[in-house]
1. Only residues that are outside any strand (DSSP E or B) and exposed (fewer than 15 other Cβ atoms within 10 Å of the Cβ): list them for the range 37-56, please.
2. Could you check, for the range 11-19, whether at least one of its residues is at pLDDT 90 or above, of a type in the set (V, I, T) and not in a helix (DSSP H, G or I)?
3. Which of the residues that make up the range 20-36 are assigned to a loop (DSSP other than H, G, I, E, B) and surrounded by 11 or more Cβ atoms within 10 Å (Cβ to Cβ)?
4. Which condition does G93 not pass, out of (1) in a loop (DSSP other than H, G, I, E, B); (2) at pLDDT 90 or above; (3) in contact with a helix residue (DSSP H, G or I) (Cβ under 7 Å, 6 or more places away or on another chain), if it passes all the others?
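The values are calculated or read from the model by the stated rules, or taken from the named source; none is laboratory data. Since the model is a prediction, treat every value here as computed from it, not as a measurement. Positions of Cβ are backbone-derived with ideal geometry, glycine not excepted, and every protein chain shown enters the neighbour counts.
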Amino acid sequence: MQRAAESHLDVLYNELIAPIRPLLDGCTHLVIVPHGPLHFLPFHALRQSGRYLCDDFTISTRRARRFCAMPAERGQCEFAARGIWSSGSKRAGN
């Protein structure tokens, strides 16, 4: 059962995080804004090659309404795609 769960977490990482992972270099915190059934997904447990997402980032989740009201702070990475917002020491994509 554990192998099956780990396999699912790997697949979900590859679908949700891997496409944007290069844009998150230098970021330290992810704010994830899930939609629908993704509210039940343990994002911190998504993994790739045995490494969990929470090994590389601190992670928070927000409701969409609350996310839209978040002010941008100077010096943070700001990147929104698939409901993921990250903050850290540089801007994503730069």
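1. If we filter the range 37-56 for residues that are outside any strand (DSSP E or B), which is where we start, we get 37-46, 49-50, 53-56.
Hits for the range 37-56 are P37, H39, F40, P42, S49, G50, D55.
2. Within the range 11-19 (the criterion being at pLDDT 90 or above, of a type in the set (V, I, T) and not in a helix (DSSP H, G or I)), the answer is yes, since at least one residue qualifies.
3. Once the filter is applied, which keeps residues that are assigned to a loop (DSSP other than H, G, I, E, B) and surrounded by 11 or more Cβ atoms within 10 Å (Cβ to Cβ), the range 20-36 yields I20, D25, G26, V33, P34.
4. Only one criterion in (1) in a loop (DSSP other than H, G, I, E, B); (2) at pLDDT 90 or above; (3) in contact with a helix residue (DSSP H, G or I) (Cβ under 7 Å, 6 or more places away or on another chain) is unmet by G93, namely (2).
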